[in-house]
Amino acid sequence: MARPPIAIIMGSQSDWATMRHAAETLDALGVPYDTRIVSAHRTPDRLVAFAKGARAEGFQVIIAGAGGAAHLPGMTAAMTPLPVFGVPVESKALSGQDSLLSIVQMPAGIPVGTLAIGRAGAVNAALLAAAVLALHDPALSLRLDEWRKRQSESVAERPSNEG
Ligand code: RP5
């Protein structure tokens, strides 16, 4: 069986409540992925092994979610040539502003594509990762078009008291 092209990594089990939205979006698009807990500070050796081996494992894009002092996306990007999309997880103390600034403010030279805080960022990271793969996958490109079409069709013309 082909290896999944996307890795969804996160700093903690507690990040899964956010990062599962990336997984569900990839499910909807029919894109295989692997999920791992990789903490930059609690499991640094696991981080190094994962990031250095990610390309050899067959991954093409990495989605990395973390909260607080969120080093995971940047440290991962420092050790792999693969594109890394960072998802700032909403933290309790600072509502994810800490996560966002930790991930987005990469010094020039090591890029991390940074998404919005929380669920929106997780969903969009998955859509962005799928769009990268779709550049060389016409069937996935069609599925992405269909996903957007369904999204447009799901928007009512007028607001309702039910919603
Ligand atoms: C970060 O610390 C994780 O990415 C998580 O968002 C945050 C809190 O982790 P837990 O204390 O819930 O494990 O490393």
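We did not get these values from a lab; they are worked out from the coordinates using the rules stated. All values reported here derive from a predicted model rather than from experimental measurement. FYI the Cβ positions are ideal-geometry reconstructions off the backbone, even for glycines, and counts take in every protein chain you see.
Please sort by residue number the trypsin sites (Lys or Arg not before Pro) in segment 78-147 whose DSSP state is loop and whose Cβ has at most 11 other Cβ atoms within 10 Å. Passing both the DSSP loop test and the Cβ count: Lys92.
Sequence-distant or interchain residues sharing an amide H contact under 5 Å with Asp34, placed H: which? Answer set, sorted by chain and number: Ile6, Ala7, Ile8. Ranking of Glu57, Glu90, Glu162 by neighbouring Cβ atoms within 10 Å, starting from the fewest: Glu162, Glu57, Glu90.
Over every Cα atom in segment 6-152, the radius of gyration and the widest Cα-Cα span, Dmax, amount to 14.4, 44 Å. Maximal additional length on extending the Asp27-Arg46 stretch stands at 4.2 nm, based on 0.36 nm per residue less the C-alpha distance. Averaging the sequence gap over all C-alpha pairs within less than 8 Å and six or more residues apart, then dividing by the number of residues, gives segment 1-100 a relative contact order of 29 percent. Could you check how many percent of all C-alpha pairs in segment 93-152 are farther apart than 20 Å? Looking at segment 93-152, the distances longer than 20 Å represent 43 percent of pairs. Evaluating 6.51 cos²θ - 1.76 cosθ + 1.60 at θ = phi - 60° for every residue in segment 60-77, the Karplus couplings come out as 10, 9, 10, 10, 10, x, 7, x, x, 6, 8, 7, 4, x, x, 5, 5, 4 Hz, glycine and proline recorded as x. Between helix 16-29 and the chain there is an angle of about 50 degrees, using the helix long axis and the longest principal axis of the Cα atoms. Computing FRET efficiency as 1/(1 + (r/R0)^6) for Ala108 and Asp137, where r is the C-beta to C-beta distance and R0 is 41 Å, gives about 0.85. Over segment 1-93, the pair-distance histogram of Cα-Cα distances with 5 Å bins from zero comes to 3, 15, 28, 26, 18, 8, 2, 0, 0 percent, rounded to whole numbers.
Within the set of other residues whose C-beta is less than 13 Å from the C-beta of Ala17, count the net charge using Lys and Arg as +1 and Asp and Glu as -1. Net charge in that neighbourhood comes out at 0.
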